[in-house]
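Visitor: Below you'll find the structure I mean.
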Amino acid sequence: MEGLLAYDSGSSSEESDESPKKKPKVTESDNIIIYAGSSRKTENGKLESPFKPGKQCRLFPNNLTESKQIVNACNSSVSTQNDFYEPLIDDKHKTSACGYFRTSTEKNTKSAALFDSGNQKTKSSLISSGPNVKPYVSKRQREKLAQATSSSLMANQPSQDTDLTLRNSSLKGANYHPDEAKFLNRKDTDQVCKPSKKLHLNLKGHTQGVNCIRWNVTESNNHLLVSSSMDRTVCVWDTRQGGACMQSLTCHTEAVKDAKWSHCGSHVLSCGYDKTARLFDVETGKEIKVFPHRNYVTCVQFHPSDPNLFLAGTFKSSILCWDRRTGSIASTYSALFGQVQDIAFLPGAEEFVSAAEVVRRNSTDKGIMVWDFRSTAVLSNQIYQEAFTCTCLKVHPYESHFVAQSNGDYIALFSTRKPYKLNKFKRYEGHKVCGYHIGCDFSPDGKIICSGSADGKIFFYDHSTARVMRTIEAHSAPCTDVAYHPILPSWVATCGWDGQVKVWT
């Protein structure tokens, strides 16, 4: 039979080794074992195979004619260097059949990685060592296989562009301000705040001077603004609807001194000269609870980590900690100082700073004091020894220091760590206080300090160099308070004794 060399599977390998010249028997059974290679005739007319008898391939033809066709197909497939096959050993190792054709994709990925046509000795050793031994795969081939696997996995996962598209579509549905959405997409290192340039909104509704103004810090309600006034009202403004007044809270019977947003952003805590602190629901405009005091309440401050506790500074010698769940006093902080101007918690919420009015020359050590919140003990009262009352306290959003607005017409800088030293080499000068309750604030990135002034101007200071970056003629009367927007980089809200609330961009 031309082009086909077969031998009996029952013959032992020992016999073939002892008599290599002995011709193998050719049988026409349905189950034969043939050499997976092309046979050629020598000069003597004998058939010679290029492969050793150890390399075998099992075929299952119905007759020898079919096997002849299969062998011819195998011969043509093995002719090139890139084609390959899976060698098989005998029945004892139970390996899979070979000799079938691979697809083009398998040839490019698995075949080239598994076998090398030029390494015949390695192939024969792998065949004789059993199925548990894996063939050698070079590092370059392993890298190609890893890249092909990763690319197939990435094809099954959604791309980042799809996630960004979905994110942008959700922002559109949330009715965000376009500048706000643009600012949210920036990284923290790219958030560069700049001084305001022009007037954006002029909110009119108060009939007397406005004492303080605060932005809502929650993400869903940061467009809301609250202001407290001497006309006994607390107003909530919506800056996205042209500055409309959403709520006007009129439960106070005297002038309202201070107002703060709760952590959830749906309640407002206010205090005033009617000797009460009141908690309101902004959505309904109803009063939730009243906290009565013996003296005027001049400032309030929520605890940063416990939303049920808040501090209330009074007109005379005491700061009270209230639990709004029970409506009772949790602790009292007492000292011989005058009216409490402001309260600010230090990082960690275990300590807080109070600024009080200096009523006597020998009481300058009570101007700025640091308290332990739990034990009510005074940690330091030797921070600020100048005979000026500080009207406002602000803690830097990232760095370990805080500032105090001094009646000496400057902003002083202090450390938030013990011993809370005053920075004698840096102060922010240029604006005027002149005995008014003038406020100040940090920009969201902490690089700018904004301050009101008794001449109605707004001053923007560079935090690192303390130089004046810009001034704006904001109000016709003293500008009493300023507040930077928690997200938008150049939005600043101001209020003054002229009864106006303005938003600058």
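Visitor: Taking every pair of distinct Cα atoms and averaging 1/r, then inverting, what Kirkwood hydrodynamic radius in Å comes out for the stretch 213-252?
Guide: For the stretch 213-252, inverting the mean 1/r across all distinct Cα pairs yields 10.4 Å.
Visitor: Name the chymotrypsin sites (Phe, Trp or Tyr not before Pro) in the stretch 375-440 that are in a loop by DSSP and that have at most 14 other C-beta atoms within 10 Å, would you?
Guide: When the chymotrypsin sites (Phe, Trp or Tyr not before Pro) of the stretch 375-440 are filtered for loop state and at most 14 Cβ neighbours within 10 Å, Tyr398 remain.
Visitor: For the stretch 292-340, run through the trypsin sites (Lys or Arg not before Pro) and keep only the ones in DSSP coil with at most 12 other Cβ atoms within 10 Å of their Cβ.
Guide: Qualifying residues, ordered by number: Arg294, Arg325.
Visitor: Starting from the stretch 343-412, pick out the trypsin sites (Lys or Arg not before Pro) whose DSSP state is loop and whose Cβ has at most 12 other Cβ atoms within 10 Å.
Guide: Arg360, Arg374
Visitor: Another question, if that's okay. Say the cut-off is 31 Å between C-alpha atoms; which of Lys204/Lys260; Lys286/Lys447; Lys424/Lys447; Lys198/Lys316; Lys194/Lys286 go over it? Write out the running numbers ahead of the final one.
Guide: Details: Lys204/Lys260 20 Å; Lys286/Lys447 39 Å; Lys424/Lys447 20 Å; Lys198/Lys316 41 Å; Lys194/Lys286 38 Å.
Result: Lys286/Lys447; Lys198/Lys316; Lys194/Lys286 exceed 31 Å.
Visitor: For the stretch 249-266 and the stretch 390-412, what is the separation of their Cα centres, given in Å?
Guide: Cα centroid to Cα centroid, the span is 24 Å.
Visitor: Taking one equal scatterer on every alpha-carbon of the stretch 460-505, how large is log10 of I(q)/I(0) by Debye at q = 0.19, 0.30 1/Å?
Guide: So the normalised log intensities work out to -0.67, -1.12.
Visitor: Using a 1.4 Å probe and ignoring any ligands, DNA or RNA, find the accessible area of Cys245 and quote it in Å² to the nearest 10.
Guide: Ignoring ligands and nucleic acids, Cys245 comes out at about 60 Å².
Visitor: Same structure again: Return the ratio Rg/(2.2 N^0.38 Å) for the stretch 342-443, where Rg is computed over Cα atoms only.
Guide: Relative to the 2.2 N^0.38 Å estimate, the stretch 342-443 comes out at 1.00.
Visitor: Provide, as a two-decimal number, the C-alpha radius of gyration of the stretch 371-505 over 2.2 N^0.38 Å, N being how many residues it has. Could the numbers behind the result be given before it?
Guide: Working: Rg = 15.0 Å, N = 135, 2.2 N^0.38 = 14.2 Å.
That ratio works out to 1.06.
Visitor: Would you kindly find the accessible area of Ser150, with a 1.4 Å probe and non-protein molecules such as ligands, DNA and RNA excluded, rounding to the nearest 10 Å²?
Guide: So the heavy atoms of Ser150 present about 60 Å² to solvent.
The values are calculated or read from the model by the stated rules, or taken from the named source; none is laboratory data. Note that the coordinates shown come from a computational prediction; the quantities given were computed from them, not determined experimentally. Every residue, glycine as well, gets a Cβ built from its backbone with ideal geometry; the counts of neighbours run over all protein chains shown. For the accessible areas, the whole protein counts, side chains as well, though only heavy atoms, and no ligand, DNA or RNA atoms are used. Shrake-Rupley method; radii C 1.70, N 1.55, O 1.52, S 1.80 Å.
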